[in-house]
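Below is one structure, written out as structure tokens, with a few remarks after it.
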Amino acid sequence: MDGEPSRRCVGDDWLAEAKRTLRGREPADLATRTRDGIEVRTLYTHSAARPAALLRAAPATVGAAPRWDVRQSHTVTADPDEVDEARQAIAEDLANGVTSVELQVPDGLDADALTALLGGALSGVDPAAAPLALAPHGGIAAAQALVAFAEQNGAPPAPGSSLGLDPLGESASTGQPCDLASAAAWAAQQQSRVVADSGAAGEGLRFFAVDALRYSDAGASEAQVLGWATATGVACLRALVDQGATVDQAAGMIGFRLPATADQFMTVAALRAARVLWARVVTASGGSKASARQYQHAVTAAHMYSRWDRWVNLLRGSGAALAAAVAGADALTVLPFDQAAPSAGAEAALGRRLARNTQTLMLEESHLAWTADPAGGSFYVESLTEQLASAGWRVLQDVEASGGIEAAIAEGALAKSAERSWLARLEALRNREERLTGVSDFTWAAEPAPPDAAASPSRDDGDDRGRALPLRRLAGPFEELRDAARRYQLAHGRRPAAWVAALGSAAQSSPRSAWAQNLLGAGGVEPRLADGLDSPIAAAADFAESGLRVAVITGSDDSYRLRGAATAAALRDAGAVSVALVCDADTPEDLIAGIAAAGDVEIWRDGIDVAAALRSLHRILAVS
């Protein structure tokens, strides 16, 4: 051929194929928006408007021994037997791949009692070799205890250790008053003592842990989490500077505890955006670029863990861990798969083992830590990072303009904003726009019940009722239904059930029959399928023989035209207290109206409030 062949962009080829596959719809119709209004497009291509985040959001470069800190979480109580169990579990973790430990200690004990408690749980642990972190807390007693424990062992805490001070976050969670000034005064004094004693700056020891998981677990959007976490960091920075620390010193005393969720790309972008925001704050305050690097401890978010079908949590935790690793987190905690319904004995040990092995596989076999910022250069991730950083910065500006994070917490504005965001997300969960595998979708009918499933009343927020920022688990609305069904099963010796009529051939009815069975399973209701029904008389006879009270009609629109109205009427005559018809969004409204009028039929299709429909079904079936 004469001349050069015409050159086509790969994106053009993709768009052409996508249009052919979509059969008249445009690829742009597939775009979605996040809870913060950020558009997620179907295709991102090279353009002149490359995101600025590409040049500023990369994590620190990889060192000679590339790995993140594998951090396991342990709870220590005042019970001597449980202290011994914690000691054994910590020793087992450290011997099998865990490199640091996070400790949740009881409230209400003084520093001396907590020092003794830590001494028992950490017996044999060298604080200079393994970083130790305290779960975020409000007072200084626990921080004093960890410092005392380290001093008793003759060495300062290892780099990466954290004293966990988070008075603002604790106030936001509990609604109790905050004393940030006292915490900052103690931290600055302690830092000065470390410098005087060792001639060093106590490098690697964080006094404050800004716990953004409190905001995320309460239902806040990604931009809110970023903005509020940064605002909390700003307040801590100011408090430390007021106590005489330089900006560089103060920034080095603050670490961030950030959520990692099963939304992998969102997590990658959010962690990168958090780094952008903090760097901007520190440098704008006069700090150096080195001190502006944010220390990130990523934790798989508790709100995404389910009590029912707990094994699916392994997938959620693995996806979240992968995202945090790709984003360049300094430390990573994967919560055990049974986090929402804790096991005891051997199964509890299994949860910890799988949690640490998730990270070991990523480090030792996938070598994820060998690449600095593996998501860098992806225009999708860069665009999402940039937009999240911008949205988070606007949230930060709004907080600062209204008096700062302390005022937002004290006045209840932060809690109210988190609740509004949660209610919007709750609607998407209830109508299954946001689907939860094993909970609202693809439930396992033969699944063993979690340990507390028969408790009454069921709860969706653990022990956090009455807190200003409660733990709002995504699975809660459906797990309440599953718990009620479990109580019914224990009381009656059988599961609550509904009869599903599949009109016509399997090819005609199976898509909607599967949809109906899936929906019923989300409420713990057993579907009794009667397929191949070819007449209203046969349907009525089969239903009457079943002895059930609720009927669900499925089939194609053609089947509905032939016998839908007659079947609904026959089922009512046969004693059905409730009849539901499964439809699609494009099922003609006149067809639906005709069938509904014949048998007072409830319409089930994508977009309905599934949780409400199942609650109504429970009432009819006398499921409490």
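Do we find a residue being within 24 Å of Glu102 (Cα to Cα), touching a Leu at 6+ places or on another chain (Cβ under 9 Å) and either modelled with pLDDT under 95 or open to solvent by 10 Å² or more (accessible area, probe 1.4 Å) (or both) anywhere in the stretch 248-255? Walk me through it before giving the result.
We begin by selecting, within the stretch 248-255, every residue within 24 Å of Glu102 (Cα to Cα); these are 249-255.
Narrowing further to those that are touching a Leu at 6+ places or on another chain (Cβ under 9 Å): 249-254.
Imposing the further condition that a residue be either modelled with pLDDT under 95 or open to solvent by 10 Å² or more (accessible area, probe 1.4 Å) (or both) reduces the set to 249, 252.
Yes; the residues of the stretch 248-255 include at least one that is within 24 Å of Glu102 (Cα to Cα), touching a Leu at 6+ places or on another chain (Cβ under 9 Å) and either modelled with pLDDT under 95 or open to solvent by 10 Å² or more (accessible area, probe 1.4 Å) (or both).
Taking Leu332, is it over 22 Å from Ala89 (Cβ atoms) and open to solvent by less than 20 Å² (accessible area, probe 1.4 Å)?
On the way: over 22 Å from Ala89 (Cβ atoms): no; open to solvent by less than 20 Å² (accessible area, probe 1.4 Å): yes.
No.
Regarding Ala570, is this residue in a helix (DSSP H, G or I), surrounded by fewer than 16 Cβ atoms within 10 Å (Cβ to Cβ) and not aromatic (Phe, Trp, Tyr)? Steps first, answer last, please.
Numbers: in a helix (DSSP H, G or I): yes; surrounded by fewer than 16 Cβ atoms within 10 Å (Cβ to Cβ): no; not aromatic (Phe, Trp, Tyr): yes.
Here the answer is no, as Ala570 does not meet what is asked.
Given the condition under 23 Å from Thr300 (Cα atoms), aromatic (Phe, Trp, Tyr) and open to solvent by less than 50 Å² (accessible area, probe 1.4 Å), answer yes or no: does some residue in the stretch 418-429 qualify?
Looking through the stretch 418-429, at least one residue is under 23 Å from Thr300 (Cα atoms), aromatic (Phe, Trp, Tyr) and open to solvent by less than 50 Å² (accessible area, probe 1.4 Å).
For the stretch 120-237, please list each of the strands (runs of 3 or more DSSP E) lying entirely inside it that holds at least 3 residues being out of contact with any Lys or Arg (no Cβ under 8 Å at 6 or more places or on another chain). Don't jump to the end; show me each part of the working.
Numbers: elements: 132-134, 162-165, 206-211.
Result: 206-211.
Check whether at least one residue in the stretch 338-351 is touching a residue at least 60 places away in the same chain (Cβ under 8 Å), part of a loop (DSSP other than H, G, I, E, B), within 16 Å of Gln72 (Cβ to Cβ) and in contact with a strand residue (DSSP E or B) (Cβ under 9 Å, 6 or more places away or on another chain), and report yes or no.
No.
Only residues that are surrounded by fewer than 16 Cβ atoms within 10 Å (Cβ to Cβ), more than 20 Å from Ala355 (Cβ to Cβ) and either modelled with pLDDT of 95 or more or not charged (D, E, K, R) (or both): list them for the stretch 82-115, please.
Result: Pro106, Gly108, Ala113.
Output the residues belonging to the stretch 566-621 that are without any contact (Cβ under 8 Å) to a residue 60 or more places away in the chain and at positive phi.
Listed by number, the residues that qualify are Gly575, Asp600.
Which one is farthest from Ala372 (Cα to Cα) among residues in the stretch 227-278 that are polar (S, T, N, Q) and more than 20 Å from the chain's Cα centre (by Cα)?
We begin by selecting, within the stretch 227-278, every residue polar (S, T, N, Q); these are 230, 232, 243, 246, 249, 261, 264, 267.
Keeping just the survivors that are more than 20 Å from the chain's Cα centre (by Cα) gives 232, 243, 246, 249.
On the way: Thr232: 28, Gln243: 36, Thr246: 30, Gln249: 26 Å.
Here the residue is Gln243.
Looking at the stretch 580-601, which of its residues are surrounded by fewer than 16 Cβ atoms within 10 Å (Cβ to Cβ), modelled with pLDDT of 90 or more and either under 40 Å from the mean Cα position of the chain (by Cα) or closer than 22 Å to Leu529 by Cα (or both)?
The answer is Asp584, Pro588, Glu589.
The values are calculated or read from the model by the stated rules, or taken from the named source; none is laboratory data. This structure is a prediction, so every number in the text was calculated from the model and none was measured. Every residue, glycine among them, receives a Cβ derived from its backbone with ideal geometry; neighbour counts consider all protein chains shown. Side chains are part of the model used for accessible areas, which takes the heavy atoms of the whole protein and leaves out ligands, DNA and RNA. Shrake-Rupley method; radii C 1.70, N 1.55, O 1.52, S 1.80 Å.
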